[in-house]
């Protein structure tokens with residue numbers, strides 16, 4: 001009986017369950033992607049399915065990969081156990097439902113739409129069957145006659161597309177390397193669990209450990225000089241293709257008398273420049289000027305008053321202190337000119353650095369307030 | 001010697017069944033879920049220009065602080081991370097502390113904004129926003145709270161207009177763009193930004209989001225959603241999750257010219273700390289920042305590594321410099337429970353001591 005149960009688990013049940021699970025998944029996804037049709041229950045406000053659908057696309061991409069992988073693990077686990085846990089791990093992660101690829105494959109969105117798809121659209125529009133059919137795809141060739149310029153443009157485009165594909169391939173190679181190194185790291189991490197009480201006993205725990213390993217490996221590669229170079233090359237080559245596409249589109253538009261993006265952009269640049277000039281040359285309003293003049297007059301009157309007071313007191317002091325000790329010239333000048341002194345004080349106040357204070361922010365748990373004291377200035 | 005893998009077939013099947021059950025249970029919740037609202041703390045519009053708006057938050061009694069605090073957010077993503085939901089709102093917490101809070105909402109640039117430069121943003125928009133708040137309060141200087149890229153803007157602004165800023169707070173702000181581990185900086189170092197902007201014009205938000213997702217591709221694109229399955233049967237948690245999704249992906253495009261300058265001068269040239277940065281033809285010298293500075297950064301920040309922020313202390317001219325390391329990430333610093341308890345009170349207390 002026990003054997004029968006085991007066989008059932010290993011074979012029929014697994015197979016049936018997987019089929020059922022797949023159906024369940026598909027119906028779940030399908031149902032979510034459709035608008036509500038239940039007449040008995042309608043939300044009082046506009047249906048919210050649009051938002052759910054927006055989030056859904058992203059969500060499903062990630063979940064689907066995980067779900068497929070879970071099933072793969074379950075199926076592999078139901079077979080004869082591999083002799084070595086490393087082989088077992090290979091079975092778990094070797095399938096087509098490899099979640100790392102899913103993680104990258106699922107983040108395609110409108111803005112980051114695959115350029116390959118764009119190129120394909122462009123190729124279709126240009127009525128070429130594939131890259132091999134493009135003039136110049138096999139290398140630059142001389143062009144002649146009336147269509148010479150167009151031929152040259154097509155050759156340039158073909159070369160740019162190929163260059164971009166090569167850059168994307170280099171990028172994908174690095175991603176695959178990150179994936180492989182992630183698996184190696186996973187093995188290292190798993191090796192630390194080879195003792196009772198620390199063993200990985202659930203699919204989720206294995207997945208989480210793999211995520212840690214995969215991200216670590218990816219980060220190491222993503223921060224390498226090679227990745228930096230390849231990434232830059234990929235972006236630059238894609239932009240080059242796009243730029244050439246735009247140029248060709250603009251030429252067609254010009255022939256048809258359709259305003260182009262370049263023209264609109266040029267107008268926008270001029271407009272923004274004019275706005276800047278306008279603001280820079282903007283004269284204050286009469287009200288602003290009147291207020292400013294009134295303020296200046298008040299200030300002048302006050303300064304005059306202070307000056308007059310100062311002269312009187314200085315005169316009195318000169319008479320009174322004939323026998324008092326001498327003061328420095330600067331002090332004397334300052335004393336004799338209170339208005340200047342007031343100005344100097346004002347400037348000093350602006351230029352003065354605030355007094356050094358110790359950081360007085362309370363230290364929340366694990367937060368680290370650090371005062372400036374002890375930090376060395378590089379300047 | 002034990003094997004580290006001990007996944008029983010029955011346990012595996014149970015895991016799958018549980019996953020399926022949670023998915024099935026989640027159908028109804030997801031289908032009936034409306035777009036989650038942000039906290040929408042009561043606010044009034046005090047200034048607008050082009051697509052920009054300056055909001056003054058009201059609704060939490062009278063502010064005890066005499067000097068208003070203007071929040072300068074980044075151009076990437078929307079400003080509502082600061083007021084995400086009622087129980088996770090930095091703005092609301094600052095109000096409750098007694099701060100008088102203003103916020104610049106940069107809006108969603110379109111092609112009409114393609115030629116906006118950093119000069120337009122910093123010496124134009126930001127300066128006029130500061131003037132509006134100064135005039136409303138009859139003050140020469142107000143307090144600035146710059147967040148992420150907005151922190152870099154605030155630093156530039158303070159260096160260029162020192163008389164208009166009383167105290168400066170920077171949060172998760174990149175200052176040294178060439179620290180090890182700064183993946184974004186590393187990736188864009190070999191980019192031909194001129195060709196990029198000349199080609200795309202404004203930088204699509206979706207493209208920016210794509211790049212952010214590829215910083216941690218498995219975690220952000222897959223593991224996060226697998227974790228979501230566990231909360232599908234909890235409408236409240238699901239709503240929080242979807243609200244965050246809304247914030248992450250409802251992002252503005254980037255004005256092309258400003259993007260070009262920011263990448264070239266900050267990410268590639270690291271000019272902010274090299275002392276070679278010019279905004280609108282004016283030299284930006286961090287040594288001119290002599291105001292008190294509070295620099296808050298997140299220890300697990302994958303977008304702005306802590307060292308990129310920590311560098312600020314070496315370059316600002318002030319002698320009153322404080323830094324605060326928060327245990328969390330770039331987003332958690334606004335919305336985590338710990339952040340609610342620690343960050344706004346720390347900001348308020350720091351400001352109060354310098355009022």
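Just so you know, all these numbers are worked out from the coordinates, no wet-lab data involved. These figures come from a predicted structure and were not determined experimentally. Cβ atoms come from the backbone with ideal geometry, glycine included; neighbour counts cover every protein chain shown.
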Percent of C-alpha pairs per 10 Å bin, the range B:30-133, short to long: 14, 43, 29, 12, 2
Dimensionless Rg over Rh [the range B:140-269; C-alpha; Kirkwood]: 1.05
For B:203-214, mean number of other protein chain Cβ atoms within 10 Å: 4
Helix axis angle, B:235-249 relative to chain B longest principal axis, alpha carbon, degrees: 50 degrees
Cα-based shape type of the range B:78-137, given that a ≥ b ≥ c are square roots of the gyration tensor eigenvalues and the cut on a/c is 1.5: oblate
Percent breakdown of C-alpha pair distances by 5 Å bin, ordered from the shortest bin, for the range B:136-197: 4, 16, 18, 17, 16, 11, 8, 5, 4, 0
Relative contact order (%) - criterion: Cα under 8 Å, at least six apart; region: the range A:131-235: 29 percent
Cα-based shape type of the range B:275-329, given that a ≥ b ≥ c are square roots of the gyration tensor eigenvalues and the cut on a/c is 1.5: oblate
Separation of alpha-carbon centers, the range A:230-263 and the range B:61-79, rounded to whole Å: 41 Å
Pairwise Cα inverse-distance average, inverted: Kirkwood Rh of the range A:217-315 (Å): 21.0 Å
Euclidean distance between Cα centres, the range B:126-173 to the range B:179-208, Å: 27 Å
Gap separating the Cα centres of the range B:286-333 and the range A:163-198, nearest whole Å: 34 Å
Fraction of alpha-carbon pairs over 20 Å apart in the range B:210-355 - percent: 65 percent
Stokes-Einstein D for the range B:21-68, Kirkwood Rh over Cα pairs, 20 °C, 1.002 mPa s (µm²/s): 145 µm²/s
Value of D in µm² per second that Stokes-Einstein yields for the range B:69-210, Kirkwood Rh from Cα pairs, at 4 °C (1.567 mPa s): 78 µm²/s
For residues of A:63-73, the mean tally of beta carbons on other chains within 10 Å: 4
Rounded, prolate or oblate (a/c below 1.5 giving rounded, otherwise prolate when a/b exceeds b/c) for the range A:156-244 by Cα gyration tensor: prolate
Quotient of C-alpha Rg and 2.2 N^0.38 Å, computed over chain B: 1.05
Partner chain coverage, peptide B:311-323 - average Cβ within 10 angstrom: 6
For the range A:167-212, the spread of Cα positions along each principal axis, largest first, Å: 47, 18, 10
Mean Cβ neighbour count within 10 Å, used as a protection proxy, ranking B:268-274, A:290-296 highest first: B:268-274, A:290-296
